[in-house]
Each structure stands twice: as structure tokens, then as C-alpha cells.
Amino acid sequence: VQLQASGGGLVQAGGSLTLSCVVSGVAFSTYGMGWYRQAPDLQRELVAGISSRGITNYVDSVKGRFTISRDNAKKTVYLQMDSLKPEDTAVYYCNRAGPVRWTSWGQGTQVTVSS
């Protein structure tokens, strides 16, 4: 499997970004997918997930601000991030949602939110 995340950048607090992750090498439509983030000195955490049927869930800290979606034809999962806060600063990755994840995480994409 190959995971290619993109769309990160530097944004001011209150701003928006849209992340994309193209997944290749697997039957993308059959997997639940998640967006994870890892800030310096912290563990990687799941912030949003979407099932193969499109059911979504979010960690409390991003509810109402982030929206996860998927396009199975493009083998891509998206993360729309609005009302960004400095504490959202992290490297963002996509991978399978749930306890079993692919060993490859790809490079991720850096999101930096300035106050």
C-alpha cells in the first residue's frame, strides 16, 4: 500500500485547509479510513474516521470543525479543516481506521497554525 497525503501548510488561527490522501495498492473502497495526527513529543492520534459506507466519527477536539469524506473512484480520503487552532499543529497522516493499520504511513503532511 502507498499513502500520499498532501494539502498541509501554514495558516493563521481561524483559517481553513483541506487535506487529501491518495491510497494505492489496495481495494480502497472496502476499507474504513482515518486521518491521524502527531504533534511533537505526543503520540499519534486518530482525529476522524469514515467507514466504507461513509459513516463518520470524530475526536471531541475537532467535532464541528473538521469534516472527513472520501471519493472511492479517486481512491482518496479528504479532511476539511475549518476554524483551525494552534493546537491543531501536527503532521497529518491517513491510514486504515480501527485497530489494524497498514505498516506504511507515508510522509504525512505538515499543518502549522499560527496564533
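The values are calculated or read from the model by the stated rules, or taken from the named source; none is laboratory data. A quick note: this is a predicted structure, and the numbers were derived from the prediction, not measured. For neighbour counting, all protein chains shown are included, and Cβ atoms are generated from backbone atoms with ideal geometry for every residue, glycine included. To get the accessible areas, we keep the full protein, side chains included, count just its heavy atoms, and leave off ligands, DNA and RNA. Shrake-Rupley method; radii C 1.70, N 1.55, O 1.52, S 1.80 Å.
Would you be so kind as to identify which of Gly9, Phe66, Thr30 lies farthest towards the positive end of the dipole of the stretch 1-108, taking Lys and Arg as +1 and Asp and Glu as -1 on Cβ and the Cα centre as origin?
Checked the options; the winner is Thr30.
Per residue, what accessible area does the chain have, given a 1.4 Å probe and all protein chains present, in Å²?
With all protein chains present, the chain gives 53 Å² per residue.
Multiplying the sequence separation of Ser114 and Gln12 by 0.36 nm and subtracting their Cα-Cα distance, what value in nm do you get? Present the calculation step by step, with values, prior to reporting the outcome.
Numbers: separation 102, 0.36 × 102 = 36.72 nm, distance 0.48 nm.
Here the answer is 36.2 nm.
Using θ = phi - 60° and the Karplus curve 6.51 cos²θ - 1.76 cosθ + 1.60, what whole-Hz ³J(HN,Hα) does each residue of the stretch 79-85 get, with Gly and Pro shown as x?
9, 8, 10, 10, 6, 5, 10
Report the relative contact order of the chain, percent, no decimals, based on alpha-carbon pairs under 8 angstrom and at least 6 residues apart.
37 percent
For the stretch 1-68, what is the convex hull volume of the alpha-carbon atoms per residue, in Å³?
Normalising the Cα hull of the stretch 1-68 by residue number yields 109 Å³.
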